[in-house]
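Report on one structure; see the data block that follows.
The values are calculated or read from the model by the stated rules, or taken from the named source; none is laboratory data. Please read all numbers here as calculations on a predicted model, not as lab measurements. Cβ placement follows ideal geometry from the backbone for every residue including glycine, while neighbour counts extend to all protein chains displayed. When the accessible area is computed, the model is the full protein with side chains, heavy atoms only, and any ligands, DNA or RNA have been set aside. Shrake-Rupley method; radii C 1.70, N 1.55, O 1.52, S 1.80 Å.
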Amino acid sequence: MSPELTTVHSEKSTETGLRTEEMLLNVGPQHPSTHGVFRLIVKIDGETIKESTPVIGYLHRGTEKLAENLNYTQIIPYTDRMDYLSAMTNNYVICHAVETMMGIEVPERAEFLRVIAMELNRIASHLVWWGTYLLDIGAMSPFLFAFRDRETILDLFNELCGARLTYNYMRIGGVKWDAPPGWIDKVGEFVQYMKKEVGNYHALVSGNEIFLNRLKGIGKFDAKTALDYSMSGVMLRSTGIKWDLRKDEPYSIYNRFEFDVPTSTEGDCLARYQLRMAEIEQSLRIVEQAVAQFPEGGEIMGKVPKVIRPPVGETFVRIESPRGEIGCYIASQGKDKPWRLKFRRPSFNNLQVLPKLLEGENIANMVAILGSIDIVLGEVDA
Amino acid sequence: MANLLQQTTSLWNVTMFALAAVVLLLVVLGFVTYAIYFERKVIGWMQLRIGPNRVGPLGLLQTVADVAKLLMKEDTRPQNADKALFALAPVLAYAPAFGVLAVIPFTDSIQFADLGIGVLYYIALSGITVLGVITAGWASNNKYSLIGGLRSAAQMISYEVPLVMSVVGVVLMTGSMNLREIVEAQKDVWNIVPQFLGFLVFLVAAQAELNRTPFDLPEAESELVAGYHVEYSGFRFAMFMLAEYVYMFGMGALVTILFLGGWLPIPGLSFIPGIVWFILKFSLYVFFQFWLRATMPRLRADQLMSFAWKGLLPVALLNILITAVVISVQNGSFHS
Amino acid sequence: MLGFAKGLGYTFKQLSAKKVTHFYPDVPFPMPPRFRGIQHFSPEKCIVCNQCARICPTECIQLTGKPHPDPEKKGKIIDTYDINFEICILCDLCTEVCPTEAIVMTNNFELAAYSRDELFKNLQWLDDNNTNVREEN
């Protein structure tokens, strides 16, 4: 497959007789704003983008194919490395899929731990996005503030499961570790602290006129485009469609918590910024309730057979990851290894709209638009 | 110092003058070294970090180590670069930056050249730097540096207009373009009070002239990787870096002289020598630079242009009009 | 006009705020008890059941056993045991399945080396890596 553009190098003359040339600019795979090894070939006229071709696959490790030769527990650490900014949701989706197939009941305490872990991870993921996005826009301090608070979350995870990024925390039928003594209280303290911090974030950035002018009306698309491109998560909700699997197809114990699904009708980069910030607050609400209702004791692993062999058949489950709907399809032939495994990765689907959005924008907007999609290359390339 | 220029040329005064220039160069280099150090420290503090702390006590030798590293680096040049221009560009960028310092009066006695058109000299000379930047952008034969070079050409030329316009108010009030006379005219009240509008315009336009946050588009690292100097390394890169910080030195000095009363003390504190006052006011401006850099996101190219022409320029013109009217009324021009 | 002034105010306040810099490596970085670092392996506990090698998702564990030197006793004892840290992903599954706690995690995590060969750790090295051993596995 050649990544080259259909038309290369066209020359034209302006009315003044000045000869101008279009230029191919290669952005990435090593570029500060591609958020990983993502390559974008843009044809620019001056600073205006005429055409763009994303090239993905630099981080392709063949997770789905590898999984066909691994038993179900072994797949879990691989999912950590797909969306490495929110490994907990990836852990959950594979466990959830197998549990659905086998009809395993997960104990309440484990579900609570899962929900707390997933929501904290959502906050951590949005914090990374917030920091790096502001870095794209040109402000450097937010990154440091975001990482300080993300650090607190990672420390909490480190205490919970012994890793800061690739957690490998959930197991089919429950979770690997119970909360260490005092951990739940620490989470509760963090929630209170973070609520204040979000206000500081808004003071630092959200009102800045330069920032608002950079984002307002940029990268706009409507609900139809969003649906046509099969977008999900914030990308979809920014166009006014209220669709959040935690509310609309409640999984785990999300139906026990009260939270809102922030939506906007603007569909531009600013809307997506505001929604992610609002989602941090909603996630904090969920964690707060989960901490309050956390069961005193109980099992953390359900009744699981020694060797996990889902029955013959296929299943597809989907959950709400920080980036959108992450889905897991398993085709089983009754063996201890899946016959076929497929992940629906939200970053991959959301990214597809990029060439359409970039048309006619300038280079500075390119960075703002790409950043607002919030891709994780580990997930795009899987 | 200035009277050396008026004497007939002799070996003695040429040597003296050259020596003085070398001393100034050393002072400037010292400033640049520690400006970079403090920039990193201040931004570090604002970002909950501690900044450089490993080379020398408190990291004081960090910049020295960085410069030594740059000097020892291999001199690389892209294969298809325009060899002559590639080498010329850093010089073109740096030479005027140092040249402008000649007219800056640091106190009423320390000044190299007491030009009657000091303001004009500064602005005219600083305009040359943009040539160096464009040359660097073009000669590197790199698409990112080309875009960066053109961006900065557009930006620096556009912002020179409001910059000059904002100074016109000060010149009108003083009736002179001599920087020393401008300071002396601020004996009663510093220009920042009567020329507040002009000061604001100057502050913003100066920021854009210096290519610093939030107007750092030419080197926008998140878009253009490093802009016009993306292909430069080693000593040539150091020259660009140096030019940037020397301009900050120059612009800080200019702001101090034009609006903050130069070496003049706050009334009642005149026992502190003028040079200390100058350094204090100057440092305040430099700190403001770092502060902005730690806070602001970057503007977009088209917004930048419309801001210069539709925002700053009308305000600067309004400022000139108001100043002219007020001065005319004070002089009684309207009665006769 | 107020928006960016708020931001400036916030950054100015941070000048005196508590700094969060860690002084690693001057000051060692303490890891919580559950931290997954480099494995410790005690050969005397190993019963050569091969479970760790089988559960390893990246197949980075290689082991061989030999018959027990004392002919009275049944079973095998460990002969060689290698972990290739080039591909080990520290997923914790080997320590999870080990029935005798022969392979356990430690809190040591400094694996950086100048050569890839150094990342190939053998039985002796893993046995000597016996500091900061994790309590619960």
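Taking a ≥ b ≥ c as the square roots of the Cα gyration tensor eigenvalues, region B:262-325 comes out oblate, since a/c reaches at least 1.5 and a/b does not exceed b/c. Overall, chain C carries a charge dipole of about 800 debye about its Cα centre when +1 sits on the Cβ of Lys and Arg and -1 on the Cβ of Asp and Glu, all other atoms neutral.
Amide H to amide H, with H built 1.01 Å from N, C:Ile77 comes under 5 Å of C:Lys66, C:His68, counting only residues 5 or more places away or on other chains. Is any residue of region B:118-138 close enough, with backbone N under 15 Å, to a label point placed 7 angstrom from the Cα of B:Leu88 along the Cα-Cβ axis, and if so, which? Only B:128-138 fall inside the zone, counting backbone N under 15 Å. Apply the a/c threshold of 1.5 to the C-alpha gyration tensor of the protein assembly as shown and tell me whether it is rounded, prolate or oblate. Judged from the Cα gyration tensor, the protein assembly as shown comes out prolate (a/c at least 1.5, a/b above b/c).
Here the accessible area of region B:244-336 is 75 percent carbon and sulfur, with a 1.4 angstrom probe and all protein chains present. Estimated purely from DSSP H runs of n ≥ 4, each contributing -39500 (n - 2.57), the mean residue ellipticity at 222 nm for chain A is -14000 deg cm²/dmol once divided by its residues. Estimated from the Cβ-Cβ distance and a Förster radius of 60 angstrom, the FRET efficiency linking B:Leu26 and C:Lys76 is about 0.20.
Once all protein chains are placed together, C:His22 keeps about 110 Å² accessible to a 1.4 angstrom probe. Charge tally around B:Lys73: other residues with Cβ under 12 Å, Lys/Arg +1 each, Asp/Glu -1 each, net -1.
Pairs of Cα atoms nearer than 8 Å and 6+ residues apart set the relative contact order; for chain B it is 22 percent. Taking the Kirkwood radius as Rh and the Cα radius of gyration as Rg, chain B has a ratio of Rg/Rh equal to 0.98. With the simple spin-label model, which puts each label point 7 Å out from Cα in the Cβ direction, the A:Lys247 to B:Gln79 separation comes to 5.8 nm. Helices in chain B, meaning DSSP H runs of at least 4 residues, each add -39500 (n - 2.57). Divided by all residues, the mean residue ellipticity at 222 nm is -21000 deg cm²/dmol. Which of rounded, prolate, oblate describes region B:185-336, given a ≥ b ≥ c as roots of the alpha-carbon gyration tensor eigenvalues and a/c under 1.5 marking rounded, otherwise prolate only if a/b is larger than b/c? Because a/c hits 1.5 or more and a/b fails to exceed b/c, region B:185-336 counts as oblate.
Charge tally around A:Lys242: other residues with Cβ under 11 Å, Lys/Arg +1 each, Asp/Glu -1 each, net -1. Of all aspartates and glutamates in the structure, the ones whose alpha carbon falls short of 12 Å from that of A:Lys216, not counting any fewer than 8 places away in one chain, are A:Glu266, A:Asp268. Can you give the net charge of the other residues whose Cβ lies under 14 Å from the Cβ of B:Phe31, counting K and R as +1 and D and E as -1? Charge balance in the 14 Å sphere: -2. Cross-link partners for C:Lys73 among the lysines, with Cα-Cα distance under 16 Å and sequence neighbours closer than 8 places in the same chain left out: C:Lys45. A straight Cα-to-Cα reach below 23 Å connects A:Lys247 with the lysines A:Lys195, A:Lys224, residues fewer than 8 places away in its own chain not being considered.
Accessible surface of region A:154-213, 1.4 Å probe: 56 percent of it comes from carbon and sulfur atoms.
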